[in-house]
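S.K.: A single structure is presented below for examination.
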Amino acid sequence: MSLFAKFDAAESTRNLLNSLPVNPTAVVIERVVSASEAIVGGRPTIMAGTNNYLGLTFDPDAIRAGQAALADAGTGTTGSRMANGTYQGHLDLETELADFFEVPHAMVFSTGYAANLGTLAALLGPGDAVLLDSEAHASLFDGCRMSGADIYRFPHNDAQGLAKRLRRLGERARHALIVVEGLYSIRGDCAPLKEFADVKAEYGGYLFIDEAHSLGLYGDGGRGLAEAAGVLSQTDFIVGTFSKSLGSIGGFCVSRHAELELFQYASRPYIFTASPCPSVIATTRAALAQLRARPELRIQVWRNAERLYSALSGLQLNLGPHVSPVIGVSFDDRDVALLCWQGLLDRGVYTNLILPPAAPEGGSLIRCSVTAAHSDAQIDTIVQAFTEVCREHGGSNTV
Ligand code: PMP
């Protein structure tokens, strides 16, 4: 078989998407106007499909810090953390993350994806057992696969399903790693972390939580869903990303286990890649300081989430189970989802279209992400656009 034959399926997907008025996977942000607005297709567009939850991408402190770092330290480190790529800023950010989570150890990676790959592939090896939520992010799955460990998937957010698999593992359960997320990014549903922590307490094992989407949104200190659920002390590893609430790029892992410090000698995605640019580290540190100092950002994003969620429920749309800044609108019919997504964009509202197989249970989804930077007027425009497209195209399958 030809080396390139495997691209036949990708080519038909591309041809199908290119036959649409706008290819949803190839939208170009022509100009960024603010944390909540951009020019798309030549027109001002409300960005209701970003992960900029706290609206910090234009934070003046972060911009100033990034500019100063560019001037002082240059555009990039041009090397791995293990070689010339550890600057004082990388270490300071690690100290600040450890302090924020009140644990002794923290490690910074070049992306959130690399953080998951780098921690899981270092922690696990052939012969280990990992229990993975069935809707866990691709990076979690890839990290587990890269490690060569035995992967046992359990039904999404199902603590009893997890307990059943741990029971079957017998003695091995005591050394198994349980891998879940906090807030899930497709439908905006939350993991039952307290129940997972209780299952861990009963059967043993270690709890690893990816708080990529929960950081800055949950918990009194904005540390994430583990903080909100009161299970920080029962959690062994927390990973997260800088590319959402912190508005930059990069990832991290924090832990109370001293072995985390040894990952730098054992984690290939940490060792064999360049370290984050000094400007990225500087903007991330400034954004983390904002997250800690300004709880009002969290209050605002939740106000906005409530406003959008309740208005969309009023339209009888099929939404995720609870209010959160990630609001997934489910559709049974892929073509209706596509038409509605296009209709929203035509009305100056950018959302994310999620088609099978990326959406759970074979359905299609339009995902809205709410940020602290959205104004009431922008939320109302999003609602008005949904009202019109649903009227025009029959709407989502009703609840
Ligand atoms: N974990 C989860 C749950 C995510 O949703 C993402 C990104 N969407 C990542 C990890 C990877 O983060 P990054 O994009 O910063 O590499």
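S.K.: Using a 10 Å cut-off around each Cβ, can you sort Glu37, Glu261, Glu227 from fewest to most neighbouring Cβ atoms?
M.R.: Starting with the residue having the fewest Cβ neighbours, the order is Glu261, Glu37, Glu227.
S.K.: Under a crude label model (7 Å from the Cα following the beta-carbon direction), how far is Asp220 from Arg43 in nanometres?
M.R.: Distance between label points: 4.7 nm.
S.K.: So how much slack lies between Ala293 and Glu202, counting 0.36 nm per residue of separation and subtracting their Cα-Cα distance, in nm?
M.R.: My answer for the length gained is 29.0 nm.
S.K.: Could you work out the helix-only [θ] at 222 nm for the chain, with each DSSP H run of four or more residues adding -39,500 (n - 2.57) and the total divided by the number of residues, to the nearest 500 deg cm²/dmol?
M.R.: -12500 deg cm²/dmol
S.K.: With only Lys, Arg, Asp and Glu charged, each at its Cβ (+1 for the first two, -1 for the last two), find how big the charge dipole of segment 77-276 is about the Cα centre; round to the nearest 20 debye.
M.R.: Approximately 580 debye in magnitude.
S.K.: Still on this structure, I have one more. Using a Förster distance of 45 angstrom, determine the FRET efficiency expected from the C-beta separation of Val33 and Asp72, and round it to 0.05.
M.R.: Efficiency, from the Cβ-Cβ distance: 0.95.
S.K.: Let me ask something else about it. With N set to the residue count of segment 77-276, report its C-alpha Rg divided by 2.2 N^0.38 Å to two decimal places.
M.R.: Relative to the rule-of-thumb radius for its length, segment 77-276 sits at 0.96.
S.K.: Taking every DSSP beta bridge with both residues inside the chain, roughly what % is antiparallel (nearest 5)?
M.R.: So the antiparallel bridges amount to about 60 percent of the total.
S.K.: Residue separation times 0.36 nm, minus the C-alpha to C-alpha distance between Arg14 and Arg256: what's the value?
M.R.: 82.6 nm
S.K.: A further question follows. For the residue pair Glu392 and Phe4, what label-to-label distance in nm results when each label sits 7 Å from Cα along the Cα-to-beta-carbon direction?
M.R.: 3.8
S.K.: Something else: Scale the Cα Rg of the chain by the rule-of-thumb value 2.2 N^0.38 Å and send over the ratio, two decimals.
M.R.: That works out to 0.99 for the chain.
S.K.: Over segment 285-352, what is the mean sequence separation of C-alpha contacts under 8 Å (at least six apart), divided by residue count, expressed as relative contact order in percent?
M.R.: 19
S.K.: Moving on to the next point. Any idea how far apart Asp380 and Asp99 come out in nm if each label point goes 7 Å out from Cα toward Cβ?
M.R.: Each label point lies 7 Å from its Cα, and together they span 4.3 nm.
S.K.: If the elastic network links every pair of Cα atoms under 10 Å, which of Leu140, Leu319, Leu91 fluctuates the most in the Gaussian network model of the chain?
M.R.: Residue with maximal mean-square fluctuation among Leu140, Leu319, Leu91: Leu91.
S.K.: In Å and from the alpha-carbon atoms only, list the Rg and Dmax of segment 332-380.
M.R.: 12.2, 34
S.K.: What residues from segment 349-365 fall in the zone where the backbone N is under 19 Å from a label point 7 Å along the Cα-to-C-beta line of Asp333?
M.R.: 353-356, 362-365
S.K.: Report ³J(HN,Hα) in whole Hz for each residue of segment 318-324, in order, from the Karplus equation J = 6.51 cos²θ - 1.76 cosθ + 1.60 where θ = phi - 60°; Gly and Pro get x.
M.R.: 8, 9, x, x, 9, 5, 7
S.K.: Show me the chymotrypsin sites (Phe, Trp or Tyr not before Pro) within segment 1-106 that DSSP assigns to loop and that have at most 14 other Cβ atoms within 10 Å of their Cβ.
M.R.: Of the chymotrypsin sites (Phe, Trp or Tyr not before Pro), the ones in loops of segment 1-106 whose Cβ has at most 14 other Cβ atoms within 10 Å are Phe4.
S.K.: I would also like to ask the following. List, in order, the whole-Hz ³J(HN,Hα) value for each residue of segment 36-49 obtained from phi through the Karplus relation with A = 6.51, B = -1.76, C = 1.60 and θ = phi - 60°; use x for Gly and Pro.
M.R.: My calculation for segment 36-49 gives 10, 9, 8, 9, 10, x, x, 10, x, 9, 7, 8, 10, x Hz in order.
S.K.: Hey, in the GNM for the chain with a 10 angstrom Cα cutoff, which one of Ile151, Ile178, Ile327 fluctuates hardest?
M.R.: Residue with maximal mean-square fluctuation among Ile151, Ile178, Ile327: Ile151.
S.K.: Shifting gears a bit: Among Ser245, Ser139, Ser275, whose mean-square fluctuation peaks in a Gaussian network model of the chain (Cα, cutoff 10 Å)?
M.R.: The residue with the greatest mean-square fluctuation here is Ser139.
S.K.: Each residue of segment 129-140 in order: what ³J(HN,Hα) in whole Hz does its phi give by Karplus 6.51 cos²θ - 1.76 cosθ + 1.60, θ = phi - 60°, with x for Gly and Pro?
M.R.: For segment 129-140, the Karplus-derived couplings read 10, 10, 9, 10, 4, 5, 10, 5, 4, 3, 5, 5 Hz, x marking Gly and Pro.
Taken together, the values in this text are just the output of simple stated rules run on the coordinates, not laboratory data. If you're wondering where the values come from, they're calculated on a predicted model, not measured in any experiment. FYI the Cβ positions are ideal-geometry reconstructions off the backbone, even for glycines, and counts take in every protein chain you see.
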